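Comments concern the structure below.
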Amino acid sequence: MNAALAFDTLLALLLLWSAWQALSTPKLDRAVIMFIVFGLLLTLVWSRLDAPDIALAEAALGAGLTGTLLLDALAAFGQTGQGAGSTGFMTTIRRFPTILVLLVLLAALLAALSNLPLPTVNLPAMVAQQMPDSGVSHPVTAVLLNFRGYDTLLEVAVLMLALLGILTVGLPVERPLLSRNLLVPILARYAVPLMTLAAIYLLWAGSHRPGGAFQAAAVLAAGVVLLNLAQVQPRWIPGQHWIRQLISAGFLLFLCIAALLLMLNGGLLHYPPDQAGLLILLIESGLTVSLAINLAAFYLLRSDRPEPLPNQEDTP
Amino acid sequence: MIGSELLLALLLLVNLGAALIRAAQGPTAADRMLAALLFGSTGVGILVLLAVIQQTPALIDVALTLALLAAISGIAFAQRAWSQAVLGRRRGTATKTEDNDAA
Amino acid sequence: MLLDLASNLLLLAGGFFFCAGTVGLLRFPDVYTRLHALAKADNLGLGCLLAGLALKADSLVQAIKLLAIWPLVLVASAVVGYAIAHRADRLGITPWQRDDR
Amino acid sequence: MSSGLLFAVVGCLLFVMGLGGIILLDHLLRRILAFNLLGSGIFLVLVGLAQRSGRPDPVPQAMVLTGIVVSVAATALALALARRHQAAGGNTGQTDRTSPEERHD
């Protein structure tokens, strides 16, 4: 048997198994940990699919931010006692019709996959053709910030909206640290400068090889999270305006450049080929800082008021 | 030469699968977390092997990033999540099963 | 030629130590001993693997990058191992002893 | 079978699993996990299908890269909502929909 195919098949099986465990296990802690394992396996899948950009983002976000967010939430839910002991996946006969519909959907999807026509447009060739005018030499960065720059612009807006949504809904209350130990601050002292260095490297690398603003921002955000775990960086509270200003600054910079180009060239984010490289680097640098603070705020921004806890006693 | 490295990567993936069995069995939450931590070493190993096999040096950057950030979720687990409440009322039984394992 | 041989030997040793670590993870009786298997054997395996790959790296930069991964993983696993063992101790999980008490 | 096609099939399975999880699971945190699995499945289908001939395609890769960052933002928002819901005395699931005989396990 072909070793590469064996590797892929085993990887696929492990991925599906961890996903199934994350859904079906009766214990909440196990579900969350299995999901973290799933994210790490997914990093390997992206590597196998020749997508190092996505693997970088998945590794940085999964290991740094998503994991800590979920573990934090797990602690919050676990303490009330409501989280533990949820029923499994297929416990009752009532669920049978839903499962049947899902299986039919799966069959339909797989059938659609099996006789899919070949694509009529050759996107990789189109990208390769336009590359000389893009200002960068790495195709994924060219797509992200030049050919489909408006997607990225709106994505940054979506991230800000998510943070606004959290502020509107009400921030979760800061939870006390369960244990403190002396090694973590020492680790943070060495690791965070290295992470900053890695982020700058990734930002610079984005123009000619896998890397870029998103990955750099994810690594930076992970560094801020580590500083918080080491109790160097206290939680942020909503009153700190520099956070909002910095988050908006990257988006505004992007928006200003887009508006300027719209007036000069008549196209949203149609860079002149000569200045494209410089403009992309400018936008990416701004985005790295803004996105990093935005992502870190998902974990660090916490309410400074004590939680209103009605009837904690009589919940079953 | 590439073939032997692919076989080594396959071997490491089998190791990961075996670690997932430990994650499924537990018995404590920390035992499950160990499987996630295994990625700090085994996952990084697979990534560098893939970088050589597929001749994509960028995957070494991915391995470096993963190595840099590997500690964070483990620390978050120990300092924020692993409490008596998460461990549940099963704490007494959890230690007991461990003793049974040993015997 | 000699370099190739050394590299392959290191890769083989790496594979062996990874397997040893996994056997330890599966067979050892409690959290503390499993942490020990993970933090020692696997990191040694990774060190051998990285050294083996660095010997046949295309460029010096690539070799340095490969070797830079190792100290990072060592420090990370040391800190996490300590954090989890410390927390397990606080939660009152008793270390396993050879003859049952 | 190329790895692209293989992982596209895996993506379909993940999508259906995630969808089932959102519908069938009771606890809010589990539904958030299921939502993430569903999203990952879609990403795998996007990239896997585009690369089933074996050549990397930068366009879906860039789309998925933005998608991953957005899904982290969505997860953070969902977690904040769920925790707020719980803090306001709401039930995170499970107790209202399960019948008494299956509650004790």
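What to note about this one:
- Applying the criterion of being touching a residue at least 40 places away in the same chain (Cβ under 8 Å) and over 13 Å from the mean Cα position of the chain (by Cα) to the residues of the stretch D:4-36, the residue that is surrounded by the fewest Cβ atoms within 10 Å (Cβ to Cβ) is D:26.
- In the stretch A:12-30, the qualifying residues are those that are more than 10 Å from chain B (Cβ to nearest Cβ) and in a helix (DSSP H, G or I), and the one that is modelled with the lowest pLDDT is A:24.
- Yes/no for residue A:8 being facing chain B (nearest Cβ under 7 Å), open to solvent by less than 20 Å² (accessible area, probe 1.4 Å), touching a helix residue (DSSP H, G or I) at 6+ places or on another chain (Cβ under 8 Å) and part of a helix (DSSP H, G or I): no
- Residue pairs whose Cβ atoms lie under 6 Å apart, sitting 6 or more positions apart in sequence or on different chains, and linking a residue in the stretch A:96-119 that is facing chain D (nearest Cβ under 10 Å) and farther than 25 Å from residue D:50 by Cα to a partner that is open to solvent by 60 Å² or more (accessible area, probe 1.4 Å) and at pLDDT 85 or above, are A:98/D:23.
- Pairs, first touching a residue at least 40 places away in the same chain (Cβ under 8 Å) and facing chain B (nearest Cβ under 8 Å) in the stretch C:13-38, second open to solvent by 40 Å² or more (accessible area, probe 1.4 Å) and outside any helix (DSSP H, G or I), C-beta under 8 Å, six or more apart: C:29/C:96; C:30/C:95; C:30/C:96
- Test: residue in the stretch C:55-73 that is open to solvent by less than 60 Å² (accessible area, probe 1.4 Å), part of a helix (DSSP H, G or I), among the small types (Gly, Ala, Ser) and modelled with pLDDT under 85: no
- Among the residues listed as A:297, A:230, A:222, A:217, the single one being under 30 Å from residue A:190 (Cβ atoms), at pLDDT 85 or above and touching a Pro at 6+ places or on another chain (Cβ under 6 Å): A:230
- Just one residue in the set A:237, A:243, A:247, A:257 is more than 30 Å from residue B:79 (Cα to Cα), open to solvent by less than 70 Å² (accessible area, probe 1.4 Å) and modelled with pLDDT of 80 or more; that residue is A:257.
- Listed by first and then second residue, the pairs linking a residue in the stretch A:268-281 that is within 18 Å of residue A:214 (Cβ to Cβ) to a residue that is part of a loop (DSSP other than H, G, I, E, B), with Cβ atoms under 8 Å apart and 6 or more places separating them unless they lie on different chains, are A:279/A:135; A:279/A:271; A:280/A:135; A:280/A:136; A:280/A:207; A:280/A:271; A:281/A:207.
- Filter pass, residue C:79 being within 7 Å of another protein chain (Cβ to nearest Cβ), without any contact (Cβ under 8 Å) to a residue 24 or more places away in the chain, within 22 Å of residue A:64 (Cβ to Cβ) and surrounded by 20 or more Cβ atoms within 10 Å (Cβ to Cβ): yes
Here's the yes/no breakdown for (1) among the aromatic types (Phe, Trp, Tyr); (2) over 19 Å from residue A:13 (Cβ atoms); (3) touching a Gly at 6+ places or on another chain (Cβ under 9 Å):
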{"position": "D:7", "(1), (2), (3)": "yes, no, yes"}
{"position": "D:12", "(1), (2), (3)": "no, no, yes"}
{"position": "D:16", "(1), (2), (3)": "no, no, yes"}
{"position": "D:44", "(1), (2), (3)": "no, no, yes"}
{"position": "D:53", "(1), (2), (3)": "no, yes, yes"}
{"position": "D:62", "(1), (2), (3)": "no, yes, no"}
{"position": "D:71", "(1), (2), (3)": "no, yes, yes"}
{"position": "D:81", "(1), (2), (3)": "no, yes, yes"}
{"position": "D:85", "(1), (2), (3)": "no, yes, no"}
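- Extreme residue, most open to solvent (accessible area, probe 1.4 Å), among residues of the stretch D:37-81 that are more than 7 Å from chain A (Cβ to nearest Cβ) and under 11 Å from the mean Cα position of the chain (by Cα): D:42
- Residue tally, condition under 29 Å from residue D:16 (Cβ atoms) and touching a Phe, Trp or Tyr at 6+ places or on another chain (Cβ under 9 Å), over the stretch A:105-144: 3
- Qualifying positions in the stretch A:153-182 - without any contact (Cβ under 8 Å) to a residue 40 or more places away in the chain, within 7 Å of another protein chain (Cβ to nearest Cβ) and part of a helix (DSSP H, G or I): A:155, A:158, A:165, A:169
- The combined condition, being of a type in the set (A, V, I, L, M), surrounded by fewer than 22 Cβ atoms within 10 Å (Cβ to Cβ), within 9 Å of chain D (Cβ to nearest Cβ) and assigned to a helix (DSSP H, G or I), is not fulfilled by residue A:144.
The values are calculated or read from the model by the stated rules, or taken from the named source; none is laboratory data. Model, not experiment: these values are computed from the prediction. Reconstructed Cβ throughout: ideal geometry from the backbone, glycine too, with neighbour counts over all protein chains shown. All accessible areas refer to the heavy atoms of the entire protein, side chains included, with ligands and DNA or RNA removed. Shrake-Rupley method; radii C 1.70, N 1.55, O 1.52, S 1.80 Å.
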